[in-house]
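In what follows, a single structure is set out as structure tokens and then discussed.
The values are calculated or read from the model by the stated rules, or taken from the named source; none is laboratory data. For clarity, every value in this text was computed on a predicted model and none was experimentally measured. Cβ coordinates were reconstructed from backbone atoms using ideal geometry, including for glycine residues, and neighbour counts include every protein chain displayed. Quick note on the areas: whole protein, heavy atoms, side chains included, nothing else; ligands and nucleic acids left out. Shrake-Rupley method; radii C 1.70, N 1.55, O 1.52, S 1.80 Å.
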Amino acid sequence: MNITGGCLCKAVRYVINAEPVVTRVCWCRVCQYIGAGSGTVNTCFPSAAVTVSGELRDYQLTADSGNVAQRRFCGNCGTHLFSASEARPHLLFVRAGTLDDPGLARPAMTIWTSMAPAWACFDERLPKVERQPPPAA
Ligand SMILES: [Zn+2]
Ligand SMILES: [Zn+2]
């Protein structure tokens, strides 16, 4: 099955030839910037299964976990599509809002809840992890 998605302006499109590994809601401080105040929802895939067309820009910084992470976005419309960690290059985290069918993302846990503001709403059905959980794969 092919999973497809892309940015808001459609300059960047992707095709994924794999099932999602795991989906997590992340409230780390960086995700609050990217999520415009909220956390982000990230669905993890094997990076080798993801084919991207169009031009991505890259913003690299050290995450709260201590890992160097790349955050890839469309330079035209600013949509964040992917994040990747240098520590685990075999995985690519796809921002779930960029999936053509965001319903494919089924969050399994909420992470970095210790960084969330007091007004944050968490899904009480999901386990919460205060900081970085063990690697997804
Ligand atoms: Zn775009
Ligand atoms: Zn995060």
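Rolling a 1.4 Å probe over the protein heavy atoms leaves Lys128 with an accessible area of roughly 100 Å².
Count the net charge of all other residues whose Cβ sits under 13 Å from the Cβ of Gly54, scoring Lys and Arg as +1 and Asp and Glu as -1.
On the way: positive: Lys10, Arg13, Arg57, Arg72; negative: Glu55.
Every neighbour counted, the sum reads +3.
What the Cβ-Cβ distance of Tyr33 and Met1 gives, at R0 = 22 Å and to the nearest 0.05, is a FRET efficiency of 0.10.
Less than 13 Å Cβ to Cβ from Leu104, Lys/Arg counted +1 and Asp/Glu -1: what total charge do the surrounding residues give? Numbers along the way, then the final one.
Values: positive: Arg95, Arg106; negative: Glu19, Asp100, Asp101.
That sum, taken over residues with Cβ under 13 Å, equals -1.
Per-residue ellipticity at 222 nm computed for the chain from its helices equals -1000 deg cm²/dmol, with DSSP H segments shorter than 4 residues left out and the rest contributing -39,500 (n - 2.57). In this rough spin-label picture, where each label sits 7 Å from Cα along the Cβ direction, the Val21-Leu61 distance is 2.4 nm. The shape of the chain can be summarised by an equivalent ellipsoid whose semi-axes, obtained from the alpha carbon gyration tensor, come to 22, 16, 15 Å from longest to shortest. Label-to-label distance for Arg13 and Met109 is 3.6 nm, based on points extended 7 Å past Cα in the beta-carbon direction.
Which trypsin sites (Lys or Arg not before Pro) in segment 45-126 pass both tests, a DSSP loop state and at most 15 other beta-carbon atoms within 10 Å? Please report the intermediate quantities before stating the final value.
On the way: sites: Arg57, Arg71, Arg72, Arg95, Arg125; in loops: Arg125.
In loop regions of segment 45-126 (DSSP not H, G, I, E or B), the sparsely surrounded trypsin sites (Lys or Arg not before Pro) are Arg125.
The Cβ shell under 15 Å around Ala36 holds other residues with a net charge of +3, Lys and Arg each +1, Asp and Glu each -1. Each Lys and Arg Cβ is given +1 and each Asp and Glu Cβ -1; about its Cα centre, the chain then shows a dipole of about 100 debye.
Just need the relative contact order of segment 2-54 here, percent rounded to a whole number, with Cα pairs under 8 Å and 6+ apart.
Reported as a whole number, the value is 39 percent.
Computed over protein heavy atoms with a 1.4 Å probe, the accessible surface of segment 18-81 works out to 48 Å² per residue.
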